[in-house]
1. Do you know which residues across the range 2-41 are among the charged types (D, E, K, R) and in a strand (DSSP E or B)?
2. Only residues that are in a loop (DSSP other than H, G, I, E, B) and open to solvent by 70 Å² or more (accessible area, probe 1.4 Å): list them for the range 397-426, please.
3. Select from the range 443-463 the residues that are loosely packed, with under 11 Cβ neighbours inside 10 Å and at pLDDT below 85 and write down the one among them that is nearest to residue 500 (Cα to Cα).
4. Could you pull out the residue among 8, 22 that is touching a residue at least 24 places away in the same chain (Cβ under 8 Å), surrounded by 13 or more Cβ atoms within 10 Å (Cβ to Cβ) and among the hydroxyl-bearing types (Ser, Thr, Tyr)?
5. Output the residue which, of all residues in the range 718-739 that are part of a helix (DSSP H, G or I), in contact (Cβ under 8 Å) with a residue 60 or more places away in the chain and open to solvent by 10 Å² or more (accessible area, probe 1.4 Å), is nearest to residue 578 (Cα to Cα).
6. Among the residues of the range 129-149, count how many are touching a strand residue (DSSP E or B) at 6+ places or on another chain (Cβ under 7 Å), surrounded by fewer than 23 Cβ atoms within 10 Å (Cβ to Cβ) and over 27 Å from residue 543 (Cα atoms).
7. Counting residues that are in contact with a Pro (Cβ under 6 Å, 6 or more places away or on another chain) and either of a type in the set (A, V, I, L, M) or surrounded by fewer than 19 Cβ atoms within 10 Å (Cβ to Cβ) (or both), which helices (runs of 4 or more DSSP H) fully inside the range 233-329 reach at least 1?
8. Could you grab the pairs with beta carbons closer than 6 Å, sequence gap of 6+ or different chains, first residue in the range 148-159 and in contact (Cβ under 8 Å) with a residue 24 or more places away in the chain, second one surrounded by fewer than 23 Cβ atoms within 10 Å (Cβ to Cβ) and hydroxyl-bearing (Ser, Thr, Tyr)?
Amino acid sequence: MTPMLQQYLVIKAQNPDAVLFYRMGDFYEMFLEDAELAAPILQIALTSRNKNDEAPIPMCGVPHHSAAVYIRKLVEKGYKVAVCEQVEDPSTAKGVVKREVVRVVTPGVQTEPEALRDDQSNFVSCISLVGDRYGLAYLDVSTGDFRSTSVGSLLSTLDEFGRVSPAELLLDVEFDPGSEDQAFAVATSSVVVTRVGLSSFDLAQNAALLRKKLAVENLEGLGIADSPEQISAAASVLRYVMETQKNDIGHVTELRTYRLSDAMILDESAKRNLELLESLSRKSRRGSLIDVLDHTATAMGARLLREWICRPLLKARPILERLDAVEELAEGIALRETVIDLLKKVYDLERLNARVALARAHPRDLLALRDSFQSLPALQEYLLEFHSSLLKRISTSLDTLDDLGEMIAKTIRDDAPISLAEGGVIRKGVDPELDRYLDATRNNKEWIAALEAREKAATGIPSLKVGYNKVFGYYIEITRAHFDKVPPEYIRKQTLVNAERFITEELKDRETIILEAREKQTRLEHDLFVSLRESLAVHSSRIRSTAELLARLDVLASLAHAAQLNGYVKPRILDTGEISIREGRHPVVEKSLPPGEFVPNDMRLDMDGDQILVVTGPNMAGKSTILRQTALITLMAQIGSFVPALEAEIGLVDRIFTRIGASDDLFRGYSTFMIEMVETATIVHQSTPRSLVILDEIGRGTSTVDGLSIAWAVVEYLHNRRGRGVKTLFATHYHELTGLSRLLPRVKNFNIAVKEWQGNVLFLRKLVRGGASHSYGIEVARLAGLPRSIIDRSREILGELESCGLPELSGLLPGKTRRSAGSRSRQVPFEFLEKEPGPLEKRLDELNPDMLSPREAMHVLYELKQLLGKTP
């Protein structure tokens, strides 16, 4: 048990739940159980210390310069990593070098660029329950973005949690989701959950921490003074981040509180079904809405665009401001291109700023800041040419940070290396003492050359050379052929195969001067660099404000570019509940087709007549595409984007609900039908007259009778919801549902037009009024490649079904006789509704019994008997 290993065990005991990266020279070493755990994950050799002992100590290690890659691998597997550094100079240390854990890396607090996605925030979050309300807080330590909200139920909290998509969740050790345990398990299934003692800190302690960290006298200005659940969640996140970072996180200076009602709510189902961030088929960004809209030039803009897509606005004024800005940028192509070119020269200011504040920025990071700042004056000048209110606000509020850029430019050399230890970081002229050390080392080459020339002349040895290596220092090398000419004052230093190396008192003295100068230069450069970094950290709030403005400009320019590239139009924003789209297109599907092939469609939804549209038609005809594109156009308008249509008027919606497709999910323990019903239950409970509901094939996961009954009842419920109903697009294969239009005044029937031509079916992709007369399922099966024998047999069975209703299957098998009509199961009592009204129904509909005299009534009865085919 060496002193070093004793030190390791003490530090490991302080961090029992983390893999300890223990710095030894140029490596991070792991010992004992950490080594056995990490070696196979990192795919590195597992060796041992004291191999000859009866119980050798397992160990493995990774180079310090590539540690970030290995740390990321462990964190991705759900492990914490405690980074233990040498905190004193080994050359001056007495005994074991002092070491301390300088940070603990977990999924939610990563800051290394190698571990982060440029286009995605990396939040650590906390859910706290106080009384009957839930607090949700989340912080991205890599940018300083810190937010919180208060929610009335766990299910709503989980919806917002899904929108935020944090990497890590903090929960109290005693937190219990109760009856929502299954929903909670699903929502947190892809997140690392860390249990901490939230309840061990009372309200006063939590409030004091927030006041101190955010430098405020009270919490009323933040809007959380009367929200203990937010105070608990926000303080817990702060405490956890400060403990893991071993740092004051000076760039976190603001807590932004909000209400769920500030933005459209998009739950996980809507995000998934509308393919906002990733496609359903590929599970990747390709084929998603963000892939179409993202033309951002900066990482900051890419992250903000993602947030805008997940948080559409609810108020007309800020939407119109965004739309006006997008319009001006779209029309001013040359000016927009110039702005984008300047934005491309701006690095990720948010994350660079955080690295500065966390004292982890290296010299090249500061050069990236300098280069970014240099683009800002020109950018501000071009912005002055715009007139929309939002762009003018960005221009007048933009801090170009000239003083900080100049500070860096005067201090850091253009060719500075990444590592401070390499030296050559600080410019000459910054510090007189450093200049003397630099002169001593820079003049060294000339001095060595002069010494070599002088010794060659004095000894008469033409091959004599003066050299240097890290092991032996400076030396004079002479080949064996000239040993007889070696002066007596030369001191032998090293023997080689064909040469000897010597040193002289003069060279030894010079070596001492040079090495001392290099050591002092490196130490002084380190101190000057740290001083500059600390000076920049004081201005972290300025840098972050500038970064936020640039991100906003970047997103607006990106949306303008997408609009101009794809032929989008500026939507009109209405305060009414109406949605009217002329020749709308699906923004993603149209990109996958050759130009001009996508068939556009009109769509109108309102609160008076066309409130619920029942859309029928065969598979592959385009029902789901039309449903999705309506939701996407509405969402795009409310984030301030132009939309794929010829014209669009969008009445603001508070939430988009989707129930589109489903598959068995064994992990969740839900069947297809159960998923359908869970999502449908959410819709009927939480939708409002301002919502937009997209329903596709409700009830197909169970029997026809049950499924049709449920679908029928859901449409009725949504029509009558809160006495006003909900705007709904309902795609179905149950043609019986078209009968609802005759019972409910705001239900209308539509179908996807199909043309039969020369024995084939052509899908016209056009939405037209009226219900579909056929499903064309057999034709779809033929197109899919089913064998002709199956297709022909299907047609035979279809003929039987159409002629006699739905007999038992045994009556259709070869060699079997059909059962009598009287033995058939009773059919759904909706079948009469799918037929067009005949003469009898039309005549009855025209009659007003209150206006008939007895003689006229008798005459009408005879007339109806004749229409019925029965002669009186």
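1. Passing the criteria: 23, 29.
2. We begin by selecting, within the range 397-426, every residue in a loop (DSSP other than H, G, I, E, B); these are 398-401, 413-419, 423-425.
414, 415, 418 - these are the residues of the range 397-426 that are in a loop (DSSP other than H, G, I, E, B) and open to solvent by 70 Å² or more (accessible area, probe 1.4 Å).
3. The qualifying residue nearest to residue 500 (Cα to Cα) is 445.
4. Unique residue meeting the criteria: 22.
5. Residue satisfying both the conditions and the ranking: 738.
6. Of the residues in that region, 1 qualify.
7. Numbers: elements: 268-273, 289-293, 299-310.
Ranges flagged: 289-293.
8. 148/257; 149/258; 150/227
The values are calculated or read from the model by the stated rules, or taken from the named source; none is laboratory data. Quick caveat: nothing in here was measured; it's all calculated off a predicted structure. Quick reminder, even Gly has a Cβ in these numbers, built from the backbone with ideal geometry, and neighbours come from all protein chains shown. These accessible areas exclude ligands, DNA and RNA; they are computed on the full protein's heavy atoms, side chains included. Shrake-Rupley method; radii C 1.70, N 1.55, O 1.52, S 1.80 Å.
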